[in-house]
Amino acid sequence: MSAELFRTSRRAFLKGAAALAAGAAVAGQTSGALAAGKPFVPYSNKSLDYYFFVAQEEAVKRAVEAQGWEFQAVNANFDNTRQLQQWQNLLLKNPAAIISDPIDSQAIASAIKRFNKKKIPVGIIDTPASDGAVSITVDFDNYQGGAMAAEQIVKLLTARHGSPKGSVLNAYGALQSVAWRLRKEGFEATMQKYPDIKLFSRPTEGMIDKMQAVTLATLAEVPDLDAVHAPSDTPSRGIVTALQQKGRWKKVGEDGHAIFCNIDGEPIAHQWIKDGYMDASIAQDPIAYAEITVEMLSKYAMKEQPVPTGPYENKKYYWERGVITDSLTGPSLIIPPFVINKDNVDDKRMWGNIAYNEWGLRYK
């Protein structure tokens, strides 16, 4: 595995945090650009603790600034009360629109409704809101992502044993996360279709150290464990450490290889796949979330026009096609999950390749 992938970079992982600090420095003030009539479009992030969220914030920043708009990011650090207060503070600055990845689908509804009263467009990414009027939601079918990860593992177990059987660890994340809960449900519902697969579904809160501990404990119980799964790539580094400690970090095709399939499609997963240790990752696309949300706000919502429903096609994204549909909160584009494996891992349209190779975002 490339040591470079884990190296801290000054340009890198905490770019989003730097944007937050800069935003905090001007909190309560009106910037010169805003005073001059430049549209102000802030971003409310749920966290910067995972590479995915850092890349997502960078994507929003780039998309907003490409429009010539004023940008500010705030980070709630998984604190619901803090996120709601940050929304209120941003509302006082009279933004032209707001973009957010909510911590909680229900809690954010009250903040959205306050923006609705002032007729300020709202764009939601990654975690859909459960109420309020949202101009555009762009997210991921987390249940389907979990199901696809399970099917990948089932296919590989069948190739190994001649039928779908074996032992699988699902090191699931914190259930208060809507995304992780749905991924767990999709993964487990799919695995339950195969009675000869023994599933060990164990909580890790999505933390590296807990993933390591859970994997070590499971390997002690089941030394010949066939497969491991995590709902996100960043914390699965704990799984990798455990496999290395137990001599199970083997390449695909080698004796003792533990089938390894996650969700997210981060650069770290790309590296594991290219090095031959990881079988697949089910990808979502945070760069598309950001860019499409800004596109729809610019073309429609900020011109007081509804975002049209129907097919959406853009070949700059690996998945290429989706459909904007009506949801409970308004127009919604659910980006279809897709599999990253050795056959397509180098495709330049993959968000992990863009964030790592083109933008220079590194892991802390």
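See the values below:
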item: Pair list, Cβ < 6 Å and 6+ apart or interchain, from segment 240-262 residues that are free of Cβ contacts under 8 Å to residues at least 12 places away in the same chain to residues that are open to solvent by 80 Å² or more (accessible area, probe 1.4 Å) and part of a loop (DSSP other than H, G, I, E, B); result: none
item: Any hit, segment 337-357, residues being within 27 Å of Gly132 (Cβ to Cβ) and either at pLDDT below 95 or touching a Cys at 6+ places or on another chain (Cβ under 9 Å) (or both); result: yes
item: Single residue of segment 172-191 satisfying the filter (within 17 Å of the chain's Cα centre (by Cα) and over 18 Å from Gln284 (Cβ atoms)) that is most open to solvent (accessible area, probe 1.4 Å); result: Gln176
item: Filter result (assigned to a loop (DSSP other than H, G, I, E, B) and open to solvent by less than 80 Å² (accessible area, probe 1.4 Å)) within segment 328-345; result: Thr329, Gly330, Pro336, Pro337, Asn341, Asn344, Val345
item: Residues that are of a type outside the set (Phe, Trp, Tyr), in contact (Cβ under 8 Å) with a residue 12 or more places away in the chain and either part of a loop (DSSP other than H, G, I, E, B) or out of contact with any Pro (no Cβ under 7 Å at 6 or more places or on another chain) (or both), drawn from segment 195-210; result: Asp196, Lys198, Leu199, Ser201, Arg202, Pro203, Thr204, Glu205, Gly206, Met207, Asp209, Lys210
item: Residue within segment 113-122 that is in a helix (DSSP H, G or I), open to solvent by 10 Å² or more (accessible area, probe 1.4 Å) and in contact with a Pro (Cβ under 6 Å, 6 or more places away or on another chain) present; result: no
item: Residues of segment 310-327 classified as surrounded by 13 or more Cβ atoms within 10 Å (Cβ to Cβ) and in a loop (DSSP other than H, G, I, E, B), total; result: 6
item: Lys348 being assigned to a loop (DSSP other than H, G, I, E, B) and under 21 Å from Met296 (Cα atoms); result: no
item: Condition met for Gln305 (part of a loop (DSSP other than H, G, I, E, B), closer than 28 Å to Asp139 by Cβ and among the polar types (S, T, N, Q)); result: yes
item: Hey, Val214 in contact (Cβ under 8 Å) with a residue 40 or more places away in the chain and part of a helix (DSSP H, G or I) or not; result: yes
item: Of residues in segment 53-110 being aliphatic (A, V, I, L, M) and in a loop (DSSP other than H, G, I, E, B), the one surrounded by the fewest Cβ atoms within 10 Å (Cβ to Cβ); result: Leu92
item: Answer residue from segment 192-205, given it is within 18 Å of Ser236 (Cβ to Cβ) and not small (Gly, Ala, Ser) and is least open to solvent (accessible area, probe 1.4 Å) among those; result: Thr204
item: Among residues of segment 227-256, those that are open to solvent by less than 10 Å² (accessible area, probe 1.4 Å) and not polar (S, T, N, Q), counted; result: 12
item: Check on Leu297, among the aliphatic types (A, V, I, L, M) and surrounded by 14 or more Cβ atoms within 10 Å (Cβ to Cβ); result: yes
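The values are calculated or read from the model by the stated rules, or taken from the named source; none is laboratory data. Just so it is clear, the model here is predicted, and its values are computed rather than measured. In this analysis, Cβ positions are derived from the backbone assuming ideal geometry, glycine residues included, and neighbour counts consider all displayed protein chains. The protein model used for the area step is the full one, side chains on, heavy atoms only, and it has no ligands, DNA or RNA in it. Shrake-Rupley method; radii C 1.70, N 1.55, O 1.52, S 1.80 Å.
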